[in-house]
Structure formats: C-alpha cells, structure tokens
Amino acid sequence: MSDRSTAPSRPGRVLCGPVLSPVVFCLIGAATGVFAAYSYYHDPLDPFAHSLTVWIALAVVASARTDTRTAITRTVAGLVGAVVLFYVGIPVFYGHYYPDVPPIEVNTGDLALWCVLAVCAGAALGFVFSRLDGDTWWAAIATALAVTLLWASTLVEVGPRLAGEEFPLISFTVLVTGAVFLLADTRKTQLVRILSLVAPGFVLSLGVVMAPDVLEELLLRLTLSGR
C-alpha cells in the first residue's frame, strides 16, 4: 500500500479543495462550538450540546477525499476550535440569559481535558476518515465507522426518548449519514462490505462515544478523593 500521508491527492477528489486550510476548519469548528453552547440553553436544540454528533460530522467533512496529513490537521484544528468556543460560550450565554444571577466562569479543567481529547480524536478520525473513498476493506471500515459513530453518539444522547426535542438531532444524523454514503464508494461489492461491518462497528463506536464521559467522571472522582 502507498503512503497516503505523503502521496498527493487524486485530482478532482479532494473535498472542498485546498482553499479550506486548517485555519478555516478551525473557524468552522468554532462556529459549531458556539452553536452547541447556544443549544445548551434551548430545549429543542439541547441534544446537540450533549452529543458528539456534530463534531463527528465535522471530522468527516474535514477528512474525506483528501490525504491523511491534511485530514488530520484539519480535523484537529476543527475539533480544538469547537471545544474552546463551546466552553467559552457556555458562561457567555449564561450571563446573557441569566443577568440577575452571579456569573459562572470557564471550566478550565474540562476545557483542558477536552482539548487533549480533541487532538487525540482529531488525529484518529482524520486518519480513518481520509480512507473513506475507495473500493477496499479499509474504505469500508472507514465508512462503517463514520456511520456507526454518528448513530452511537445520537442514540446515547436520545436513549429511549422520542420526544419532539430529539427530532432535530435525529434528522441531522440521517442527513449526515446520507452525506457519508455519497462521499463513500457504495458499489454493490463495497456496500456489502460496509453493511457487514456495521454491527461490530456499532459496538466499537458505543465504547468510543462513551469513553470521554467515563474518563471525565473518573478524573472527577480522583480529584475529589484527593482532597
């Protein structure tokens, strides 16, 4: 196999073209962070603030149909931008909506933790999703993981509830799933490969989606036990 991290991208196959540099993806990520912080205080959009779905979608867009190095750089930049603006946005919107109560501060501990997770996740997702397009098992694995990560994140947040406030997130997930299949190679043989990987991919994706919260809870307990 060729080294995709150094090989030039195939002409006409780089999603969005070279104009969208890591700086631009950082700004796009920042916009999603502001959206998530805004959603935190609005019931119909609240699930967006508590799931990773939007940021998995961001990783797909940043990585698909480009070389591995570019995909990783864009995804890391986008996710870090999202994390920073989310944690900065939470107290800003709190002060706006609750002006008569004492302000809250940026949770620097969570901000630092999630920035580290954003770098690690960006590197991993960029590496995987850059292989989305192609008629190979690697491409099938990448496609299956993209789809199952999206749905694992959404279903962990939604759970058994199907109230009206859940439908925007579910609808968004459906749309992004369609986009993933448009970006991927879905010819008959490849589609069979993808579908065969959905079940194990979903189990793995559940673990990946739940891991950050488990880690955050573990660190919180360690911090409290050390006092």
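Write down, largest first, the equivalent ellipsoid semi-axes of the range 121-204 in whole Å, where each equals the square root of 5 times an eigenvalue of the alpha-carbon gyration tensor.
24, 13, 12
Relative to the longest principal axis of the C-alpha atoms of the chain, give the angle of the C-alpha long axis of helix 22-39, reported between 0 and 90° and rounded to the nearest 10°.
With rounding to tens, the tilt is 50 degrees.
In a Gaussian network model over the chain where Cα atoms closer than 10 Å are linked, find which of Thr53, Thr68, Thr136 has the largest mean-square fluctuation.
Thr136
Per residue of the chain, what 222 nm ellipticity follows from adding -39500 (n - 2.57) for every DSSP H run with n ≥ 4, rounded to the nearest 500?
Computed ellipticity for the chain at 222 nm equals -25000 deg cm²/dmol.
Evaluate the distance, in nm, between pseudo-label points positioned 7 Å from the Cα of Leu219 and of Arg69 along their respective Cα→Cβ axes.
Result for the modelled spin labels: 3.1 nm.
For the chain, compute Rg over Rh where Rg is the Cα radius of gyration and Rh is the Kirkwood radius from the inverse mean 1/r over Cα pairs.
For the chain, the value is 0.99.
Stokes-Einstein at 20 °C, 1.002 mPa s, Kirkwood radius from Cα pairs: D for the range 177-227 in µm² s⁻¹?
Taking Rh from Cα pairs, D becomes 155 µm²/s.
Based on the inverse mean of 1/r over its pairs of different Cα atoms, what is the Kirkwood hydrodynamic radius of the range 56-125, in Å?
13.2
Of Pro168, Pro212, Pro99, which is the most mobile in a GNM of the chain whose springs link Cα atoms less than 10 angstrom apart?
The residue with the greatest mean-square fluctuation here is Pro99.
Relative to the first principal axis of the alpha-carbon coordinates of the chain, what is the inclination of helix 188-225, with its axis defined by its Cα atoms, in degrees from 0 to 90 and to the nearest 10?
Roughly 30 degrees between the two axes.
Quick check: residue separation of Tyr97 and Arg187 times 0.36 nm, minus the Cα distance between them. What number comes out in nm?
Extra length available between Tyr97 and Arg187 comes to 27.4 nm.
Within 10 Å of each candidate Cβ there may be at most 12 other Cβ atoms; applying that plus a DSSP loop requirement, which trypsin sites (Lys or Arg not before Pro) in the range 133-211 survive?
Those that pass, being in a loop and sparsely packed, are Arg161, Arg187.
Can you send over the carbon and sulfur percentage of the accessible area for the chain, probe radius 1.4 Å, protein chains only?
72
Relative to the present Cα-Cα distance, how much length would full extension add between Ala112 and Ser196 at 0.36 nm per residue of separation?
Separation in residues times 0.36 nm, less the Cα-Cα distance, equals 26.5 nm.
Quick one, can you get me the convex hull of the C-alpha atoms of the range 96-159 expressed as volume per residue in Å³?
Per-residue hull volume (Cα only) is 133 Å³.
Considering only protein heavy atoms, what per residue accessible area in square angstrom results for the chain with a 1.4 angstrom probe?
52
Would you look at the GNM of the chain, springs on alpha carbons closer than 10 Å, and say which of Leu145, Leu182, Leu117 moves the most?
Between Leu145, Leu182, Leu117, it is Leu182 that shows the largest mean-square fluctuation.
Once the Cα atoms of helix 137-158 and of the chain are each reduced to a long axis, what angle between those two axes, in degrees from 0 to 90 to the nearest 10, is obtained?
That works out to roughly 20 degrees.
The values are calculated or read from the model by the stated rules, or taken from the named source; none is laboratory data. This one's a predicted model, so the numbers in the text were calculated from it and none came from an experiment. With ideal geometry, Cβ positions are generated from the backbone for all residues, glycine too; neighbour counts draw on all protein chains shown. Note: accessible area is taken over every heavy atom of the protein model, side chains too, but ligands, DNA and RNA are not part of it. Shrake-Rupley method; radii C 1.70, N 1.55, O 1.52, S 1.80 Å.
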